[in-house]
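To keep things clear, I will list the structure first and then write my remarks on it.
The values are calculated or read from the model by the stated rules, or taken from the named source; none is laboratory data. The structure displayed is predicted, hence computed values, not measured ones. Note that each Cβ is placed from the backbone with ideal geometry, even for glycine, and that neighbours are counted across all protein chains shown. Ligands, DNA and RNA are excluded from the accessible area calculation, which covers all protein heavy atoms including side chains. Shrake-Rupley method; radii C 1.70, N 1.55, O 1.52, S 1.80 Å.
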Amino acid sequence: VAVAASQSTLEPASDAARTIADLWWLLFAVSAVVFAVVLALVVLAVLRRRSRGAGTGRPLVLVGGVAVPAVVLVALFALTVATLPGVSAPTGETALTIEVKGRQWFWEVRYPGRGVVTANEIHLPLGTPVELRVRTGDVVHSFWVPRLNRKIDMIPGRVNSIELETDREGVYRGQCAEFCGLQHANMAFEIVAEPPARFERWLAVQAEPAREAEGFALFEEYGCGGCHTIRGTSADGVAGPDLTHVASRRTLAAGTLENTRGDLAAWVLDPQEHKPGNKMPAIEIPPDDFRELLAYLESLE
Amino acid sequence: MSATVELEREWTGPGGLREALTTVDHKVIGVRYLVTAGIFFLAGGLEALALRTQLAVPRNELLQPEAFNQLFSMHGITMIFLFATPMLSGFGNYLVPLMIGARDMAFPRLNAFGYWVFLASGLFLYSSLLFGLAPNDGWFNYVPLSQAEFTPERNIDFYALGLLFLAISTTVGAVNFIVTIFALRAPGMSIARLPLFCWAILATSFSVVFALPALSVANLLLELERKWGWHFYGGRGGEPLLWQHLFWIFGHPDVYIIFLPAVGIVSTIVPVFCRRPMVGYLWVAAATVATAILGFGVWVHHMFAVGLPQVSMTFFAAASFVIAIPSAVQVFAWISTALTGRAVLATPFLFVLGFLLVFVIGGLTGVMFAVVPFDQQVTDSYFVVAHFHYVLFGGAVFPILAGVYFWLPKLAGRMPLEPLGQVSFWLVFAGFNLTFFPMHVSGLLGMPRRVYTYPGDLGWDVPNLLSTAGAFTLALGILAVVVNVLLTVRGGRPAGGDPWGGNTLEWTTSSPPPHYNFARLPVVHSADPAWDAATEEGPSLSEGHKTLRTSVLDAEREDVLEMPPGSAWPALLAVALFVLFAGLLVDVTAFWVAGSALSTGALLGWHVERARFDA
């Protein structure tokens, strides 16, 4: 799947995002007309520069300041009421529910009932309404994939909900939209929308546990398991993202780096260099051990 | 002895340092507010330049995230709390007594106190930079990020205590404006003849009195939670949305607290440079009051993405549409005045015209935010950054700069350089639009606000580079204004009492005005007293420090008031409060107990002095 490097509200890929983009173009058109009228009147006032004496000027205040705005604003209010449900939480049952938890500074993703936990990458089946239930593990975050829908905040003690549905295959970038501390800027994620069959295959792979293969001992020795879970092994930390299938993901550290061998090595070697203030410490690892550990991580597909 | 000689003798202070520390002259205090707030504006502007430099190109490594977060937080806090509101208080302080034909504010010592507290709390907040512990969670400081668990250092204590401290200044200032405008107007200046700038200050002051307690309560609860582990926003039974509600119940009216006095400046300047009375004076006054009231009913539109029920959002959307109407009334009243008058394109009026175009764009994008789905899409993106700079820089800074050029001749007695003034306007106008217009685009392209870095492949690089170029152009324009002001003060051409042909009373006295403002207090018969041949010279009241008290609605003469002489207690009380707040900040009991004792002592001293003066 080609990376569509866009987070633009103006390239909608779902009905909800299209509704909002259409609203924008309408609002833009109305605003352009109003601004043009004001500009014309101001230019007229400046160019004329002579007193007309007779006019009180009050009719213009009544028409421009009250009558016309009242009509336009009532129409916009009606439009607001009409479009609001389409971008809100789903009203009935949906075929699929995904839970996303915002954490400083990554996204924990779960597919309830399917035994899948992953991070920073959400897969969706095309043409299927999905309920996204969002919450936070710490501070306020905001879940935002502009090409699929409006944003929804993650508030402590609450579960918010939004519907995502697209029939356009692709990768959609999203990002935290509510300031959440040092690494708010590097808290991105991707949504991969794919045909249902491929989605089911992906889900099945993600549900499988990993093995304690060669190199896993180093993972425990250097304390990685204190913060990270690898399902099927003794590593069961919860402070950081689940790494069971980390090698299958497209990015590292919530969209900070590409998931290549070089970037993975650079990240593990010194996480603070690439994402200063994030909660993963740099650990001194001798080169031989490092190569083995890296090979193990790369095996987690 | 002539009345003028006697007034000079009565109203001239002791001079030197003693006068500097004890003066209660509203003009001196007003200028201090203007200069201090102006310096904070330059500081906030430098912070903005640092932010814009960091964001000029993708993945820039000039600023570390912690520095960036402190800088954007301080930029917002500075511009909202230490520049915009105090700057407009400065105009109010200087102008309200002159415009209503009084000799001082109703409570001159309280007025001095308000300034000293503003200065002290501003220094308190800025001292955080010296320790590298400036507030770092943004100007709206959401919990739980701002709670001890996530921000354990004192950054947020600087914020919460600093704003509590500053609130004292803003509150006493507002109360003083309300009483002054209600009680000290010249005989004949009925409420329907009140200058529109004073209407704006009056409406704003009521907004302050009702809105600011919400912010102070929010900060008080936050400090109790941070220092003593109480639970208002977090923990068992705590509710993080309580902070957001309290903050925005203050925060949205605060937009109008900044905006209304600024458009009051516009409504003052427009008639003068169009050579005719304001069209729809009563409509504009009513729109001012309506905006202040409606401003309390729209706060939830800052929270449309938190997951509220659709019914609640619909209500607040409706209110947010309605509040556009009073602004539209004012815009068309100004345009109508210009159309039926004869426009004179001097610098102050250029800034007003610039304001008009920029503010209309900000108002239009403001209406867009009432369309809930669109709000939910672009809130917390650069689109909202663009919007509120069009409203606040466009709606407040342009009028403030217009006001600086308009009243500088009154304050300094000298005329600013007109060519340099025009150059400064075009630099500011071009720089402003180049900075903030592209932010609409970066926001629509999905760029969130408050990010210290961004990837280069999302189309955000070009608009960001343009914004940065604009910021430096804008800075040049501001520099030109500062240079113009300094040159004017040092040696501009003498202005005379009324260089612009103004319609309000400040133009009927000399420039700068004498300590007592008017040798003979005016008696007025219309809304444009300086244009009205019927305006009379009333009593001189030259014995002691006297001014007239008149009735609230009709301004009929009721009493002669004795105004207090200078006093050291306002400054001393402010210093004592500084000790108290510093003690709370460092959390040393002996320290803040000493501050409380000193504050109580200063209050007693003030009271005793007052008793002696009343006797």
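Taking region B:300-334 as the range and being more than 9 Å from every other protein chain (Cβ to nearest Cβ) and of a type outside the set (Phe, Trp, Tyr) as the test, the residues that pass are B:VAL300, B:HIS301, B:HIS302, B:LEU308, B:PRO309, B:VAL311, B:SER312, B:ALA319, B:SER320, B:ILE323.
Summed over region A:84-94, residues that are within 7 Å of chain B (Cβ to nearest Cβ) and in a loop (DSSP other than H, G, I, E, B) total 2. Filter region B:120-171 for residues that are charged (D, E, K, R) and within 14 Å of another protein chain (Cβ to nearest Cβ); which is surrounded by the most Cβ atoms within 10 Å (Cβ to Cβ)? For region B:120-171, the residue satisfying everything is B:ASP137. Taking the conditions exactly as written (modelled with pLDDT under 90, over 24 Å from A:ILE155 (Cβ atoms), more than 7 Å from chain B (Cβ to nearest Cβ) and open to solvent by 30 Å² or more (accessible area, probe 1.4 Å)), does A:LEU47 satisfy them or not? Yes, satisfied.
Step by step: first the residues of region A:1-44, then only those that are facing chain B (nearest Cβ under 7 Å) and more than 30 Å from A:PRO90 (Cβ to Cβ), then the one that is most open to solvent (accessible area, probe 1.4 Å). Which residue is that? Selected residue: A:LEU44.
All of A:ALA119, A:ALA95, A:ALA82 fail the test of being among the hydrophobic types (A, V, I, L, M, F, W, C), crowded, with 21+ Cβ neighbours inside 10 Å and out of contact with any Cys (no Cβ under 8 Å at 6 or more places or on another chain), apart from A:ALA119.
Are any residues in region A:12-49 of a type outside the set (A, V, I, L, M, F, W, C) and either without any contact (Cβ under 8 Å) to a residue 12 or more places away in the chain or farther than 28 Å from A:GLY86 by Cα (or both), and if so, which ones? Quick ask: steps written out before the conclusion?
If we filter region A:12-49 for residues that are of a type outside the set (A, V, I, L, M, F, W, C), which is where we start, we get A:12, A:14-15, A:18-19, A:22, A:31, A:48-49.
Within region A:12-49, A:ARG18, A:ASP22, A:SER31, A:ARG48, A:ARG49 meet the criteria.
Please verify whether B:SER207 is in contact (Cβ under 8 Å) with a residue 60 or more places away in the chain, closer than 22 Å to B:LEU82 by Cβ and either touching a strand residue (DSSP E or B) at 6+ places or on another chain (Cβ under 7 Å) or assigned to a loop (DSSP other than H, G, I, E, B) (or both), treating the condition exactly as stated.
Values: in contact (Cβ under 8 Å) with a residue 60 or more places away in the chain: yes; closer than 22 Å to B:LEU82 by Cβ: yes; either touching a strand residue (DSSP E or B) at 6+ places or on another chain (Cβ under 7 Å) or assigned to a loop (DSSP other than H, G, I, E, B) (or both): no.
Judged against the criteria, B:SER207 is not a match.
When B:LEU224 is tested against the conditions (1) without any contact (Cβ under 8 Å) to a residue 24 or more places away in the chain; (2) among the aliphatic types (A, V, I, L, M); (3) open to solvent by less than 10 Å² (accessible area, probe 1.4 Å), the lone failure is (3). When region A:153-176 is filtered for residues that are of a type in the set (A, V, I, L, M), within 22 Å of B:HIS245 (Cβ to Cβ) and surrounded by fewer than 24 Cβ atoms within 10 Å (Cβ to Cβ), only A:VAL159 remains. Residues that are more than 10 Å from chain A (Cβ to nearest Cβ), under 24 Å from A:ALA177 (Cβ atoms) and either open to solvent by less than 10 Å² (accessible area, probe 1.4 Å) or not in a helix (DSSP H, G or I) (or both) within region B:336-368 comprise just one, B:GLY362.
With respect to A:VAL109, determine if the residue is within 30 Å of B:LEU345 (Cβ to Cβ) and more than 7 Å from every other protein chain (Cβ to nearest Cβ). Step through it out loud before you land on a result.
Details: within 30 Å of B:LEU345 (Cβ to Cβ): no; more than 7 Å from every other protein chain (Cβ to nearest Cβ): yes.
So A:VAL109 fails the test.
State the number of residues belonging to region B:429-462 that are more than 9 Å from chain A (Cβ to nearest Cβ), over 27 Å from the mean Cα position of the chain (by Cα) and buried (at least 22 other Cβ atoms within 10 Å of the Cβ). Outline the logic, then answer.
First, pick out the residues of region B:429-462 that are more than 9 Å from chain A (Cβ to nearest Cβ): B:429-442, B:456, B:461-462.
Next, from what is left, pick out any that are over 27 Å from the mean Cα position of the chain (by Cα): B:441-442, B:456, B:461-462.
So of that shortlist, the ones also buried (at least 22 other Cβ atoms within 10 Å of the Cβ) come out as B:442.
Residues in region B:429-462 being more than 9 Å from chain A (Cβ to nearest Cβ), over 27 Å from the mean Cα position of the chain (by Cα) and buried (at least 22 other Cβ atoms within 10 Å of the Cβ): 1 in total.
All conditions in (1) part of a helix (DSSP H, G or I); (2) out of contact with any His (no Cβ under 6 Å at 6 or more places or on another chain); (3) open to solvent by less than 20 Å² (accessible area, probe 1.4 Å) hold for B:PRO97, with the sole exception of (2).
Only one of the listed residues (B:GLY501, B:GLY446, B:GLY456) is touching a helix residue (DSSP H, G or I) at 6+ places or on another chain (Cβ under 7 Å) and part of a loop (DSSP other than H, G, I, E, B). That residue is B:GLY501.
One residue stands out among those in region B:19-36 that are in contact (Cβ under 8 Å) with a residue 60 or more places away in the chain and more than 17 Å from B:HIS545 (Cα to Cα): the one that is most open to solvent (accessible area, probe 1.4 Å), which is B:LEU21.
Considering A:VAL66, A:VAL139, which residue is in contact with a Leu (Cβ under 6 Å, 6 or more places away or on another chain), among the hydrophobic types (A, V, I, L, M, F, W, C) and either within 11 Å of chain B (Cβ to nearest Cβ) or at positive phi (or both)? Full working, then the answer.
Details: A:VAL66 fails: in contact with a Leu (Cβ under 6 Å, 6 or more places away or on another chain).
Just a single option satisfies the conditions, and that option is A:VAL139.
Restricting region A:272-287 to residues that are without any contact (Cβ under 8 Å) to a residue 60 or more places away in the chain and more than 14 Å from chain B (Cβ to nearest Cβ) leaves a set whose member that is nearest to A:GLU190 (Cα to Cα) is A:MET280. If you go through region B:300-317 and pick out every residue that is open to solvent by 40 Å² or more (accessible area, probe 1.4 Å) and among the hydrophobic types (A, V, I, L, M, F, W, C), you end up with 2. Looking at region A:250-270, which of its residues are in contact (Cβ under 8 Å) with a residue 24 or more places away in the chain, open to solvent by less than 30 Å² (accessible area, probe 1.4 Å) and in a helix (DSSP H, G or I)? Once the filter is applied, which keeps residues that are in contact (Cβ under 8 Å) with a residue 24 or more places away in the chain, open to solvent by less than 30 Å² (accessible area, probe 1.4 Å) and in a helix (DSSP H, G or I), region A:250-270 yields A:LEU264, A:ALA265, A:VAL268.
Does region B:14-66 hold any residues that are in a loop (DSSP other than H, G, I, E, B) and within 30 Å of B:PHE107 (Cα to Cα), and which are they? Please lay out each step first, then the result.
Initial filter on region B:14-66 (in a loop (DSSP other than H, G, I, E, B)): B:14-15, B:23-25, B:55-64.
Those that are in a loop (DSSP other than H, G, I, E, B) and within 30 Å of B:PHE107 (Cα to Cα): B:PRO14, B:GLY15, B:THR23, B:VAL24, B:ASP25.
Screening A:ARG173, A:ARG198, A:ARG133 for residues that are closer than 15 Å to B:ALA305 by Cα and not acidic (Asp, Glu) leaves exactly one candidate, A:ARG133.
Condition check for A:ARG135 on (1) out of contact with any strand residue (DSSP E or B) (no Cβ under 9 Å at 6 or more places or on another chain); (2) surrounded by fewer than 20 Cβ atoms within 10 Å (Cβ to Cβ): one failure, at (1). Quick test for you: out of B:LEU573, B:LEU603, pick the one residue that is buried (at least 21 other Cβ atoms within 10 Å of the Cβ) and outside any loop (DSSP other than H, G, I, E, B). Within the list B:LEU573, B:LEU603, the selection yields B:LEU573. Within region B:298-307, the residues that satisfy the criterion of being over 9 Å from B:PRO253 (Cα atoms) and either part of a helix (DSSP H, G or I) or in contact (Cβ under 8 Å) with a residue 12 or more places away in the chain (or both) are B:VAL300, B:HIS301, B:HIS302, B:MET303, B:PHE304, B:ALA305, B:VAL306.
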